[in-house]
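Data first, discussion second: the structure below is written as structure tokens.
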Amino acid sequence: MGVIHALHAHELARESGCCALAALVDADIERARSFAAQSGGDIPVFASVEQLAAANVCQASVIVTPTGNHREHAATLIAAGHRVLLEKPLTGSLEADREFAAELDHAHPHALMLAFQRRFDAPLQYAKDLVDHGAIGRIFKIYSALEDSNPAPNGYNSGGILPDMSVHNVDEILWLTGRTPRAALVIGSRIYSHRLTTCQEDFDDALLYLWFDGEMVAQVQVTRNHVSGYRVETLIFGEEGQIHVGRFDQKPFEIAVEAYGRRGRPEPIAYRTFGMRDYRRPLPEFIDRFGPAYKAELAAFIECCRSGSPFPTSHRDGLRAQEVITAGMQAIISPEQAVAVQGGSG
Ligand SMILES: NC(=O)c1ccc[n+]([C@@H]2O[C@H](COP(=O)([O-])OP(=O)(O)OC[C@H]3O[C@@H](n4cnc5c(N)ncnc54)[C@H](O)[C@@H]3O)[C@@H](O)[C@H]2O)c1
């Protein structure tokens, strides 16, 4: 993921002059050197975040290290005076999120932007615009799916499928509705892809169900079993119709947003397709889907740094999403709690 952020920073510097890519850091310094060489620039490289902080070569940084390092690296760079764009999740655990958020609130409330790229995704922004303008009336249900086509890689360190994946869906739902749920539960299973990897997660297929006040629910489906390709779909149900973002059809670079009114209405309320970027090299499937969103997110971060404005997302959004997920994970319904089916095979 760091390579993509570096590529976008390099492009934004070239295209608009709004920033300069001042340095690259990787504990595996050859990775940083290799990107610097490909970019053709004379970009300094460092083997640690501490070295970058001490070098005083930039005012802002993008942190894309493993989740277990997020808090330490963000704290180091913020103490050095940087404003930071931190990849999700904030720290990966609710307790550490709470501590870190309290520290930031106290000393650096505007230093950290959390990288929730869906908020910068043109199809989802269009859907939000339709919702905000009342195109489908009062919203009563949202279904948001994120399904990988492959298991987590061998050796990958996951805190579970929900903290690892659903953090994106949960933030999306909270952002689309402007609301926080009052209760949550999880149902999960291991049904296929867990057998293909050494990364043993709690589930390879899970549903997070959320209840909101005022007769609204949300359902988050996360799996690593969608063998036909990366599936990122959102369905928003309202009293006057529904909006569907990203209907799966194996066209990763073309995302449709469809809105339909009540039964009997002859024409759709809205239909638009959005072209995604083909980087013309093998990249993880999430980059096929969200490449332009990652770049727009970085551009927004840079613009806030230049203007000294607060960021559109912060540590508070990371904490809020983690609170929702943790609540659900405290209420996991197992098959033993379900009612046995008479004559069922078990
Ligand atoms: N927003 C998204 O859609 C998205 C997608 C993928 C990953 N991520 C997030 O990005 C982060 C990185 O994930 P990834 O898949 O790129 O991981 P990765 O393991 O592929 O890359 C991590 C990089 O950090 C380097 N590194 C490790 N420890 C370091 C240290 N102490 N100091 C400096 N460099 C160090 C590694 O050498 C490696 O190059 C994770 O937090 C993940 O959740 C977000």
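Tabulated data for the structure shown
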quantity: Additional length obtainable on full extension of the chain from Asn56 to Ala79, 0.36 nm per residue less Cα span; calculated: 7.1 nm
quantity: Beta bridges per DSSP with both ends in the chain, % antiparallel, nearest 5; calculated: 65 percent
quantity: Peptides ranked, highest mean first, by Cβ atoms within 10 Å: ranges 7-16, 330-339; calculated: 7-16, 330-339
quantity: Backbone HN-Hα couplings from phi across the stretch 148-156 [Karplus 6.51/-1.76/1.60, Hz, Gly and Pro as x]; calculated: 6, 8, 9, x, 4, x, 3, x, 5
quantity: Sequence-separation-based contact order of the chain, relative, with Cα cut under 8 Å and 6+ spacing, percent; calculated: 19 percent
quantity: Semi-axes of the equivalent ellipsoid for the stretch 56-172, Cα gyration tensor, largest first, Å; calculated: 29, 20, 14
quantity: Calculated from backbone phi, Karplus (6.51, -1.76, 1.60) coupling profile of the stretch 25-40 in Hz, x at Gly/Pro; calculated: 10, 7, 4, 8, 5, 5, 5, 5, 4, 5, 5, 4, 5, 5, 6, x
quantity: The stretch 139-280: relative contact order in percent, alpha carbon pairs under 8 Å with at least 6 residues between; calculated: 28 percent
quantity: Alpha-carbon spread of the stretch 1-91, three principal axes, descending order, Å; calculated: 32, 27, 25
quantity: Net charge dipole size for the chain [Lys, Arg +1 and Asp, Glu -1 on Cβ; Debye, nearest 20]; calculated: 620 debye
quantity: Rounded D (µm²/s) - the stretch 126-210, Kirkwood Rh over Cα pairs, Stokes-Einstein at 25 °C, 0.890 mPa s; calculated: 167 µm²/s
quantity: Of all accessible heavy-atom area on the chain, the percent that carbon and sulfur account for (1.4 Å); calculated: 50 percent
quantity: Computed P(r) (all Cα pairs; the chain; 20 Å bins; percent); calculated: 28, 59, 13, 1
quantity: Helical mean residue ellipticity (222 nm; -39500 (n - 2.57) per DSSP H run of 4+; nearest 500) of the chain; calculated: -10500 deg cm²/dmol
quantity: Total charge dipole magnitude, the stretch 168-252, about the Cα centre, Cβ charges on Lys, Arg, Asp, Glu only, Debye to nearest 20; calculated: 320 debye
quantity: Peptides ranked, highest mean first, by Cβ atoms within 10 Å: ranges 243-255, 71-83; calculated: 71-83, 243-255
quantity: Probe 1.4 Å, protein heavy atoms only - accessible area per residue of the chain in square angstrom; calculated: 48 Å²
quantity: Relative contact order of the stretch 1-148, defined on C-alpha pairs under 8 angstrom at six or more residues apart (%); calculated: 14 percent
quantity: Residues with amide H under 5 Å from that of Ala270, placed H, sequence gap 5 or more; calculated: Ala259
quantity: Hz values of 3J(HN,Hα) by residue in the stretch 60-67 - Karplus curve (6.51, -1.76, 1.60), Gly and Pro given as x; calculated: 9, 8, 10, 9, 10, 7, x, 3
quantity: Lys/Arg +1, Asp/Glu -1 at C-beta; the stretch 275-346 dipole; positive extreme among Val339, Ser314, Tyr279; calculated: Tyr279
quantity: Long-range amide H partners of Val62 with built H, under 5 Å; calculated: Leu85
quantity: Distant-in-sequence amide H partners of Ser314 (H built 1.01 Å from N, under 5 Å); calculated: Leu114
quantity: Selected from Gly41, Gly264, Gly241 as most flexible by GNM, with the chain as the system and alpha-carbon contacts under 10 Å; calculated: Gly264
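The values are calculated or read from the model by the stated rules, or taken from the named source; none is laboratory data. Note that this is a predicted model, so its numbers are computed, not measured. Methodologically, a virtual Cβ is constructed for each residue, glycine included, from the backbone with ideal geometry; neighbour enumeration extends over all protein chains shown. The area values use the complete protein model at the heavy-atom level, side chains included, leaving out ligands, DNA and RNA. Shrake-Rupley method; radii C 1.70, N 1.55, O 1.52, S 1.80 Å.
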